[in-house]
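Novice: Here it is, the structure in full.
The values are calculated or read from the model by the stated rules, or taken from the named source; none is laboratory data. Keep in mind it's a predicted model, so treat the numbers as computed, not measured. Positions of Cβ are backbone-derived with ideal geometry, glycine not excepted, and every protein chain shown enters the neighbour counts. Just the protein is used for accessible areas: all its heavy atoms, side chains included, with ligands, DNA and RNA removed. Shrake-Rupley method; radii C 1.70, N 1.55, O 1.52, S 1.80 Å.
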Amino acid sequence: MATKGFVLYLLSGFSIAVLSVLFIQKSNNDNMNQSSNLLESPYNLSTTEKVWPALELNWRLVMATVIGFLGSACGTVGGVGGGGIFVPMLTLIVGFDTKSAAAISKCMIMGASASSVWYNLRVPHPTKEVPIIDYDLALLFQPMLMLGITVGVALSVVFPYWLITVLIIILFLVLIDTEYEPLVPKEEKSKLQILCFNLRWKRLLVLATVWVLFTVIQVIKNDVVPCTTLYWVLFCLQFPIATLVFGYEATKLYKEHKKRMSTGNAETVCGASIQWSPLNIAFCALCGILGGTVGGLLGSGGGFILGPLLLEIGVIPQVASATATFVMMFSSSLSVVEFYLLKRFPMPYALYLMGVSILAGFWGQYFVRKLITILRRASLIVFILSGVIFASALTMGVIGIERSIRMIHNHEFMGFLDFCSSQ
């Protein structure tokens with residue numbers, strides 16, 4: 001879909017969904033004689049209870065291993081992570097509660113993304129003498145994505161389950177209609193030469209610094225009483241960090257694009273083919289925050305917006321996949337740190353499934369790159385991305401609707417929970 005239509009669709013859909021909670025919450029309070037304390041509602045009691053099955057060899061573990069491997073392989077190749085497959089698998093098959101499943105899903109996305117990045121660093125760009133990872137786009141999206149992640153994790157304890165389900169359905173109804181010419185990766189250099197060429201140490205240092213700053217803030221904030229002055233100071237401190245890095249990179253892209261346009265140079269500034277106007281830059285900022293917020297809420301890694309978005313702005317599939325998984329490696333690891341501090345997942349299961357995802361991320365990239373070489377069609381990545389999004393929409397949408405209907409039938413509380421008391 002067109003860029004402006006995409007923004008309008010997401011903003012209107014998400015706004016209507018969130019505002020509808022206020023109406024349902026008011027109706028719920030009018031029709032049910034319950035305490036005004038939201039923590040006494042049946043909904044809160046049922047959803048905050050942790051369900052952590054033991055790690056033992058049985059058919060559930062075998063199914064989780066197979067689905068986790070396939071989901072990680074396809075998710076990293078498409079640049080979407082695979083969280084929309086992991087969460088239903090962990091809740092329906094393994095038996096985890098929803099919030100613990102979202103946390104373990106982040107662990108799996110982190111493992112798959114890290115191994116996928118390691119593989120991509122040894123792969124050349126298919127058409128140009130530039131790194132396979134677009135560092136300009138990574139610096140543009142990573143700060144906003146990580147900012148959105150922290151907001152999404154905080155809101156995950158506040159938003160009602162049915163609202164998250166509606167957001168899932170709205171998000172996954174994104175169409176990818178971009179066409180690509182046949183591309184064939186050419187490996188003319190040695191693996192070591194390609195690895196050294198793909199590494200940009202100065203930009204990696206900036207990305208790592210942003211990650212460290214966000215992580216330190218989360219560690220300190222974890223020991224602070226929620227909703228105190230210090231808590232909000234630490235929470236708000238993330239905004240200038242993200243804005244500073246994003247603003248620097250956005251200004252650089254804008255000036256370079258304006259300079260090339262004035263000289264008649266039609267070559268793109270980075271991997272994206274869009275014009276870096278203030279409107280498009282604001283659009284990228286919005287999508288980064290939105291992708292991170294949804295990723296924090298659903299345990300999806302933010303790739304379900306970033307992956308299609310990179311394709312939408314004209315990035316070729318190989319570069320879009322490599323860049324999206326590179327950014328997700330930072331954002332998902334931040335989520336893992338936050339969920340670990342909140343004690344949201346059991347370590348044995350998380351480590352096991354993360355190990356499965358590490359293997360899947362590497363071998364998934366390997367086999368798909370070979371298929372692209374044989375078929376001479378980079379659009380295979382777009383096909384895999386669309387398939388993962390469809391499977392995620394089907395599983396999470398159906399499960400979410402079924403559970404929401406059950407909550408309505410049981411007259412459970414369906415409004416917002418109290419933020420300070422739920423942390």
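Novice: Among the residues in the stretch 337-355, are any among the aromatic types (F, W, Y) and in contact with a Pro (Cβ under 8 Å, 6 or more places away or on another chain)?
Specialist: Yes, because at least one residue in the stretch 337-355 is among the aromatic types (F, W, Y) and in contact with a Pro (Cβ under 8 Å, 6 or more places away or on another chain).
Novice: Also, quick follow-up: Being surrounded by 17 or more Cβ atoms within 10 Å (Cβ to Cβ), at pLDDT below 90 and among the basic types (K, R) is the requirement here; does K221 meet it? Quick ask: steps written out before the conclusion?
Specialist: Numbers: surrounded by 17 or more Cβ atoms within 10 Å (Cβ to Cβ): yes; at pLDDT below 90: yes; among the basic types (K, R): yes.
So K221 passes the test.
Novice: Let me ask another. In the stretch 186-203, how many residues are touching a residue at least 60 places away in the same chain (Cβ under 8 Å) and assigned to a helix (DSSP H, G or I)?
Specialist: Taking the stretch 186-203 as the starting set, the residues that turn out to be touching a residue at least 60 places away in the same chain (Cβ under 8 Å) are 186-189, 191, 194-195, 197-200, 203.
Checking the rest, the ones that are also assigned to a helix (DSSP H, G or I) come to 191, 194-195, 197-198, 203.
Summing the residues that are touching a residue at least 60 places away in the same chain (Cβ under 8 Å) and assigned to a helix (DSSP H, G or I) in the stretch 186-203 gives 6.
Novice: What pairs come out if I take residues in the stretch 65-88 that are under 19 Å from E312 (Cβ atoms) and pair them with residues that are surrounded by fewer than 24 Cβ atoms within 10 Å (Cβ to Cβ) and not acidic (D, E) whose C-beta lies under 6 Å away, six or more apart or interchain?
Specialist: Cβ pairs passing all conditions: V77/V368; V77/I384; G78/I384.
Novice: Which residue out of I374, I358 is farther than 28 Å from T209 by Cβ, open to solvent by 10 Å² or more (accessible area, probe 1.4 Å) and assigned to a helix (DSSP H, G or I)? Steps first, please.
Specialist: On the way: I358 fails: farther than 28 Å from T209 by Cβ.
Answer to the selection: I374.
Novice: When you go through V87, V80, V123 one by one, which is the residue that is open to solvent by less than 40 Å² (accessible area, probe 1.4 Å), closer than 15 Å to S392 by Cα, touching a helix residue (DSSP H, G or I) at 6+ places or on another chain (Cβ under 8 Å) and not in a helix (DSSP H, G or I)? Step through it out loud before you land on a result.
Specialist: Details: V87 fails: not in a helix (DSSP H, G or I); V123 fails: closer than 15 Å to S392 by Cα.
When all the criteria are applied, what remains is V80.
Novice: Quick one: would you say L19 is open to solvent by 30 Å² or more (accessible area, probe 1.4 Å), of a type in the set (A, V, I, L, M) and either at pLDDT below 80 or in contact with a Pro (Cβ under 9 Å, 6 or more places away or on another chain) (or both)?
Specialist: Details: open to solvent by 30 Å² or more (accessible area, probe 1.4 Å): yes; of a type in the set (A, V, I, L, M): yes; either at pLDDT below 80 or in contact with a Pro (Cβ under 9 Å, 6 or more places away or on another chain) (or both): yes.
Against the criterion (open to solvent by 30 Å² or more (accessible area, probe 1.4 Å), of a type in the set (A, V, I, L, M) and either at pLDDT below 80 or in contact with a Pro (Cβ under 9 Å, 6 or more places away or on another chain) (or both)), L19 qualifies.
Novice: Is there any pair with a first residue in the stretch 236-252 that is within 14 Å of G292 (Cβ to Cβ) and a second that is open to solvent by 70 Å² or more (accessible area, probe 1.4 Å) and among the β-branched types (V, I, T) whose Cβ atoms are under 9 Å apart and which are 6 or more apart or on different chains, and what are they?
Specialist: Once the first residue is within 14 Å of G292 (Cβ to Cβ) and sits in the stretch 236-252, no partner that is open to solvent by 70 Å² or more (accessible area, probe 1.4 Å) and among the β-branched types (V, I, T) comes close enough.
Novice: If I ask for residues that are of a type in the set (G, A, S), over 12 Å from Y135 (Cα atoms) and either in a helix (DSSP H, G or I) or open to solvent by less than 10 Å² (accessible area, probe 1.4 Å) (or both), which ones from the stretch 311-333 would you list? Lay out the reasoning, then the answer.
Specialist: Restricting attention to the stretch 311-333, the residues satisfying the condition of being of a type in the set (G, A, S) are 314, 320-322, 324, 331-333.
From what is left, the residues that are over 12 Å from Y135 (Cα atoms) are 314, 321, 331-333.
Selection gives S321, S331, S332, S333.
Novice: Here's another thing I want to ask about it. Would you say W201 is open to solvent by less than 100 Å² (accessible area, probe 1.4 Å), over 18 Å from P126 (Cβ atoms) and at pLDDT 70 or above? Before you say what the answer is, go through the steps one by one.
Specialist: Values: open to solvent by less than 100 Å² (accessible area, probe 1.4 Å): no; over 18 Å from P126 (Cβ atoms): yes; at pLDDT 70 or above: yes.
For W201, the condition - open to solvent by less than 100 Å² (accessible area, probe 1.4 Å), over 18 Å from P126 (Cβ atoms) and at pLDDT 70 or above - is not met.
Novice: Restricting to the stretch 354-379, name every residue that is farther than 22 Å from M108 by Cα and touching a residue at least 24 places away in the same chain (Cβ under 8 Å). Explain how you work it out, then say what you get.
Specialist: Step one: filter the stretch 354-379 for residues farther than 22 Å from M108 by Cα, giving 370-379.
Selection gives I372, T373, R376, R377, A378, S379.
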